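K.L.:
Take a look at this one; I'll ask things after.
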């Protein structure tokens, strides 16, 4: 079973300290699974907002069995997990409800989110923001950095929201295959793991790739195209096309046409309508219109 990754260049070195505690010291809001779980307000909110309407498990407590033991990981902090749950619901889940219909979201949106506090660092200077596995599970890492980015939509997109749309694209592609023609638009220019190294980590727009990571392979390229398009405003997209130049912009536009056709033909979703919806909801979030700590049941 193939696992898909969203990986980005390591920008800052991070160091963390670990505090140990006994099982007896864990309180009802513990972020570590210890056997019998004491339900708290967040658990009840998740049932009402994720489980009941969508059958989605939003796992914020650390479970070793859900983790990739190839990486050093830490639990997601409770308060930041609460805020991320609100963000994912409002900007991602409900956007697909609005544009694709709630039946689409119920049927195809990933059925499990698993949160960890730290990024999954690789030995090539990159780290993993998220993974999609088996067409149902999405890992979101780096949750303990959310407070640094939650008030800036560009940062939220880069580290969290774009990852969700990227991974959901992989899940859709696992259900209905992406267009065969897509892999031939820049077919000879994919560079696998070299995407993060010189000279491939710059000048990628002029070569017809919307991000450095798009150069990994065509399935990653497709997911990057869709997620970058819906997450960023038209002004940012135009700036990228200007930077890409005539040839690069032409290649990117050819790919975008195929992404639009795929979403319309396979899922009956207008990509531009989805983008407008996500942009509006992102603006609401950045303007502070969404209470990210509200756990009242409605």
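The values are calculated or read from the model by the stated rules, or taken from the named source; none is laboratory data. Computed from a predicted structure; not experimentally measured. Counting neighbours? That spans all protein chains shown, and the Cβs are built from the backbone with ideal geometry, glycine included.
K.L.:
Do we have residue 264 as over 24 Å from residue 95 (Cβ atoms) and at pLDDT 95 or above here?
P.N.:
No.
K.L.:
In segment 234-292, which residue that is touching a helix residue (DSSP H, G or I) at 6+ places or on another chain (Cβ under 9 Å) and outside any helix (DSSP H, G or I) is surrounded by the most Cβ atoms within 10 Å (Cβ to Cβ)?
P.N.:
The selected residue is 269.
K.L.:
For segment 213-233: of the residues being over 18 Å from residue 187 (Cβ atoms) and touching a residue at least 60 places away in the same chain (Cβ under 8 Å), which is surrounded by the most Cβ atoms within 10 Å (Cβ to Cβ)?
P.N.:
Step by step, filter segment 213-233, then rank; the result is 226.
K.L.:
Please work out which residue is modelled with the highest pLDDT, limiting yourself to segment 35-73 and to residues that are more than 22 Å from residue 161 (Cβ to Cβ) and surrounded by 19 or more Cβ atoms within 10 Å (Cβ to Cβ).
P.N.:
Checking each candidate, the answer is 61.
K.L.:
Among the residues of segment 175-197, count how many are part of a helix (DSSP H, G or I) and either in contact (Cβ under 8 Å) with a residue 40 or more places away in the chain or touching a helix residue (DSSP H, G or I) at 6+ places or on another chain (Cβ under 6 Å) (or both).
P.N.:
7
K.L.:
Same structure again: Kindly indicate the residue of segment 107-142 that is at negative phi and surrounded by fewer than 16 Cβ atoms within 10 Å (Cβ to Cβ) and also modelled with the lowest pLDDT among those meeting that condition.
P.N.:
123
K.L.:
So which of 295, 274 ends up being farther than 15 Å from residue 91 by Cα and at pLDDT 95 or above?
P.N.:
Just a single option satisfies the conditions, and that option is 295.
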